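The values are calculated or read from the model by the stated rules, or taken from the named source; none is laboratory data. For clarity, every value in this text was computed on a predicted model and none was experimentally measured. Cβ placement follows ideal geometry from the backbone for every residue including glycine, while neighbour counts extend to all protein chains displayed.
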Amino acid sequence: MPGRRTFSSEVRRRAATEAEGTSRGAWIAGVQPAGIAAALGLRAGDRVVAINGRPPRDLLDYKWALTSDRVRLSVGRDSQDVVCCDIQKPAEEELGLTFTSPVFDRVMTCRNRCVFCFLDQLPPGLRPGLYVRDDDYRLSFLQGNFVTLTNLEGEDFRRIEEYRLSPLYVSVHATDPERRGALLGTARPEPIMPALKRLARAAVGVHAQIVLCPGLNDGKVLEETLEDLATLGPAVLSIGLVAVGLTRHREGLPRLELMTRGDSEAVLDRVGAWQRRFARERGHSLVHAADELYLSAGIPLPPAVAYDDFPQLENGVGLARLFLDRIPRAVRRRRVPAGQRRYLVLTGWLARPLIERLVGSLSWPAPGQIRIAPVTNRFFGDMVTVAGLLTGRDLRETARAELARAPADLVIVPSAALGGDPPEFLDGMTPGELQSALGIPVRAGGDGPDGLLAALEEGNVR
């Protein structure tokens, strides 16, 4: 009968030679109370060791199995027993499971030595997860991570085609094989067009990324790359241009130059021309420059319509425009009552004009009631101006200097600088430790203007 749900389970001792006995598997992080998995008695800490008799490699295998109306799960327990669950359900219905990781075997890592790789510019002592060199097409599809495609074998391409893993996020950088090989640091040509053409034939869409390195892949090389990508037609969904990021920790690495204001202006001039061309030919802009290029050049951001529904927000493309456009609504929604409390808002140099625009839109602050202090990044170097790469140490020193000049009742830090669970800054300092060091409350500003105003509102209540 269509839509019927039946399921049963049995427990049997696991044999050491069984496929289910491998150390791999999908560790269960949570079980939905009303789901099928809960009815079967599955719980967090169990491990799915086989689906339909085969060990699952990743969330893709699990999701693919759920498209059927019959599923057999083999779940390992601490007691070394295996719970075998036979499930009949409507096709596509979920079981109510979440997992500790979307990849159950191992993350595919990067074989390249990109001359601009940010991981090579990280000093020791940061959060361990920051040093993972993932180059995994599965994480590209599931989480939007950019991959180079250089480590894919035939089986990987076949799997992408079978599961129709679209879209993928691909680091292109240059389509000329020799130039791309130089950028990836492999000392050999690294063609990308054959792989992109194969994805296009399989109807797999691609969001392309180009990290601009002055003198290496700008100018004529960039023009050639964009022309080549344009030949792929609708398979290329968007192209994001981002400026190379350099820290002061580049000992022994290739010499690279930061983009100057003139470089940014030249790139943005060409981006405008490309956007006009593609708007005529395809009805959308296709090529987008990262916010940093506009802000560092002092050029107004394009209107929201130019961002094609913001396909590369996680790549820093369009976040500033969304922030500005959300200010009026946030100001209307959040009514922070006037009072005597004083606020110190810490941010990166790049985001400073955005925060100033938000505060300037408020009607209630008295002069000096909200102070905005951009933080110079001494940990990575003052050429790093984004708020997301500020450490607790640099935030602490800037706050101390500002508080010595004038007191405040609340310090607000950028939520983009926090990560992990529980949240901490890149150098491992927690918001609680920063608060203890400063001796006054510290709050994260949340995402967007509404998040910052919510922190102000909470601070006023407290």
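Quick notes on this structure:
- If you check Pro414, Pro431, Pro353, Pro449 for being within 25 Å of the chain's Cα centre (by Cα), crowded, with 20+ Cβ neighbours inside 10 Å and either of a type in the set (A, V, I, L, M, F, W, C) or within 26 Å of Val244 (Cα to Cα) (or both), only one passes: Pro414.
- Within segment 1-55, the set of residues being aliphatic (A, V, I, L, M), part of a loop (DSSP other than H, G, I, E, B) and modelled with pLDDT under 70 comprises Met1, Ala15, Ala16.
- Tally of residues being part of a loop (DSSP other than H, G, I, E, B) and either in contact with a Gly (Cβ under 7 Å, 6 or more places away or on another chain) or under 18 Å from Ala455 (Cβ atoms) (or both) across segment 339-362: 7
- The condition of being of a type in the set (A, V, I, L, M), under 30 Å from Leu258 (Cβ atoms) and touching a residue at least 40 places away in the same chain (Cβ under 8 Å) holds for only one of Val83, Val115, Val103, Val132, that being Val115.
- Test: residue in segment 402-411 that is among the acidic types (Asp, Glu), at pLDDT below 95 and part of a helix (DSSP H, G or I): no
- Selection status of Arg400, more than 26 Å from Ser296 (Cβ to Cβ), among the basic types (Lys, Arg) and within 25 Å of the chain's Cα centre (by Cα): no
- Among the residues of segment 414-462, those identified as assigned to a helix (DSSP H, G or I), touching a residue at least 60 places away in the same chain (Cβ under 8 Å), touching a helix residue (DSSP H, G or I) at 6+ places or on another chain (Cβ under 8 Å) and hydrophobic (A, V, I, L, M, F, W, C) are Leu452, Leu453.
- Segment 331-350, subset surrounded by 21 or more Cβ atoms within 10 Å (Cβ to Cβ) and modelled with pLDDT of 90 or more, residue farthest from Glu424 (Cα to Cα): Tyr343
- In segment 366-384, the residues that are at pLDDT below 95, buried (at least 17 other Cβ atoms within 10 Å of the Cβ) and not in a strand (DSSP E or B): Gln369
- In segment 281-311, of all residues being within 17 Å of Leu229 (Cα to Cα) and either in contact (Cβ under 8 Å) with a residue 60 or more places away in the chain or surrounded by fewer than 15 Cβ atoms within 10 Å (Cβ to Cβ) (or both), the one that is nearest to the chain's Cα centre (by Cα) corresponds to Pro311.
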